[in-house]
Structures are given as C-alpha cells and as structure tokens.
Amino acid sequence: MNEDRFTGAAKEVKGEIKKQAGDLTGDRDLEASGRADKAEGKIDKFAGKVKDFLRGGRS
C-alpha cells in the first residue's frame, strides 16, 4: 500500500465528519466542503490503487 491510499482514506473520513457536522448544524457550506473532501479522498485512494497495480502489487 502506498501513501496515496492512506491519504485518501484520511480525507474521506475528514470529509464525512465535516459533511455530518454541516448537516447537523444546518451549515450548507460546511456540508458541501465535506462532500468535496470526501470525493477528493476517493480519488486519492483510487490513484493509490492504480499505482499499486502498476507496480505489480495487489489491490
């Protein structure tokens, strides 16, 4: 596993927390920011999987 996968997972968790906090407080900007962070995390995790695959690792 490479750093991109760990970074992506952390961003997903951070995004989910921000999204939930925004939903609970009614702060739509915070909720949208959380959704963006979560999406960015998914992209990072996918990039990490691709890199692992290209290096001959298992995904």
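We did not get these values from a lab; they are worked out from the coordinates using the rules stated. Worth saying up front: this structure is predicted, and the values here are computed from it rather than measured. Cβ placement follows ideal geometry from the backbone for every residue including glycine, while neighbour counts extend to all protein chains displayed.
With only Lys, Arg, Asp and Glu charged, each at its Cβ (+1 for the first two, -1 for the last two), find how big the charge dipole of the stretch 3-54 is about the Cα centre; round to the nearest 20 debye.
160
Hey, what do the phi angles of the stretch 40-55 turn into as Karplus ³J(HN,Hα) couplings, whole Hz, using 6.51/-1.76/1.60 and θ = phi - 60°, x for Gly and Pro?
4, x, 5, 5, 4, 5, 5, 4, x, 5, 4, 4, 4, 4, 5, 7
Each residue of the stretch 5-19 in turn: what ³J(HN,Hα) in whole Hz from Karplus with 6.51, -1.76, 1.60 and θ = phi - 60°, glycine and Pro shown as x?
3J(HN,Hα) across the stretch 5-19, in whole Hz: 5, 5, 4, x, 5, 5, 5, 4, 5, 4, x, 5, 5, 4, 4.
Kindly provide the helix-only [θ] at 222 nm of the chain, computed as the sum of -39,500 (n - 2.57) over DSSP H runs of four or more divided by all residues, to the nearest 500 deg cm²/dmol?
Mean residue ellipticity at 222 nm (helix-derived): -30000 deg cm²/dmol.
How high is the relative contact order of the chain, in percent, with contacts defined as C-alpha pairs under 8 Å that are six or more residues apart?
43
Positive end of the charge dipole of the chain (Lys, Arg +1 and Asp, Glu -1 on Cβ, about the Cα centre): tell me which of Ile17, Ala36, Ala47 has its Cα farthest that way.
Final value for the positive-end residue is Ala47.
With no solvent and one equal point scatterer placed on each C-alpha of the stretch 3-54, evaluate the Debye formula and give log10 I(q)/I(0) for q = 0.18, 0.20 Å⁻¹, two decimals.
-0.51, -0.59
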